[in-house]
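This report refers to the structure that appears directly beneath it.
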Amino acid sequence: MRTELGTCSTFMFMSQPAKSTRTPAATDAPETAVGGRAAAQRLKMRRELAAAAMELFATKGYEATTVDEIAAAAGVARRTFFRHFRSKEEAIFPDHDDTLVRAEAVLNAAPAHEHPLDTVCRGIKEVMKMYAAHPDISVARYKLTREVPTLREAEIASVARYERLFTRYLLGHFDEHAHADDANDDPLLAEVAASAVVTAHNHVLRRWLRAAGQGDLEAQLDHAFAIVRKTFGTGIGAGRSDQAGHRTAATASAEGEVLVTVARTDAPLGEVMRAIEQALKER
């Protein structure tokens with residue numbers, strides 16, 4: 001297919017590798033169902049304990065509330081509390097463990113053509129969904145963490161876990177050609193980019209919480225992520241390969257008046273256009 005783009009440009013598209021048709025064994029379903037029920041029950045109990053803790057903190061104050069009182073308010077024994085949380089400050093953030101798992105699942109299931117920063121932005125949106133699912137609780141928790149230094153420290157520790165996850169992911173998706181001069185920059189760039197995504201998310205989330213959970217949180221996040229993508233997207237992702245070893249993010253080379261660009265058939269138009277723009281700049 002030939003398209004006019006200033007000069008004569010040619011696109012060659014690679015077919016997407018065939019997906020596995022493996023069907024899970026019949027015995028997988030019951031085990032999955034049992035595991036799913038156990039996880040749901042665990043999360044339900046964690047949320048009940050968190051709700052009891054929040055109510056007590058609001059009425060008695062954080063320092064004056066004990067673990068025994070939280071357990072009693074939730075109708076469980078003290079040992080049950082400690083099966084779910086190591087301390088009372090952890091009870092304020094009952095969903096972060098499960099949200100971290102979901103964020104990692106987003107990274108692991110990312111389409112080969114997706115820009116890694118876009119994948120990370122989708123991953124951190126799992127945190128946004130966690131807060132947006134219960135706006136009233138999220139706003140009350142935000143106010144409480146602003147007042148109690150111990151809770152702020154626990155919140156910071158949770159943020160660091162997401163940053164480490166995203167840093168590891170981005171470090172595996174650098175363009176070896178973009179950083180050929182000094183590959184030692186890769187860990188720094190991965191950490192900075194991951195931090196930028198998390199910082200953008202937290203900035204928008206705090207603004208939403210200060211507004212009592214009002215406004216289109218996802219639209220505000222998308223705007224912030226576009227800024228991060230524009231600033232940190234260069235040099236990440238062009239070296240990603242599919243299972244057959246082909247470069248799946250668009251690559252290009254210029255020969256005289258002909259620009260040849262290779263992309264997957266399922267690549268988003270925006271990704272293809274970015275590859276063309278970059279190739280034209282490098283001519």
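Here are a few things to note about the model shown:
- Per-residue extension of 0.36 nm, minus the Cα-Cα distance of Val159 and Arg79, leaves a gain of 26.0 nm for this segment.
- Placing a pseudo-label 7 Å from each Cα along the Cα-to-Cβ vector at Lys129 and Glu218 gives an inter-label distance of 1.0 nm.
- For the pair Leu188 and Thr231 in one chain, pulling the backbone fully straight at 0.36 nm per residue adds 14.0 nm over the alpha carbon distance.
- Computed from the C-beta positions of Arg168 and Glu69 and an R0 of 41 Å, the FRET efficiency is 0.55 to the nearest 0.05.
- Full-stretch length increase - His203, Lys60 - with 0.36 nm per residue and alpha-carbon distance subtracted: 48.5 nm
- q = 0.14, 0.21 Å⁻¹, the range 41-148: log10 I(q)/I(0) [Debye, one scatterer per Cα]: -0.62, -1.07
- What the Cα atoms of the range 75-118 give is an Rg and a Dmax of 16.4, 50 Å.
Every number in this text was worked out from the coordinates using simple rules, so none of it is lab data. Everything numeric in this text was worked out from a predicted model, so none of it was measured. Cβ: placed from backbone, ideal geometry, glycine included. Neighbour counts: every protein chain shown.
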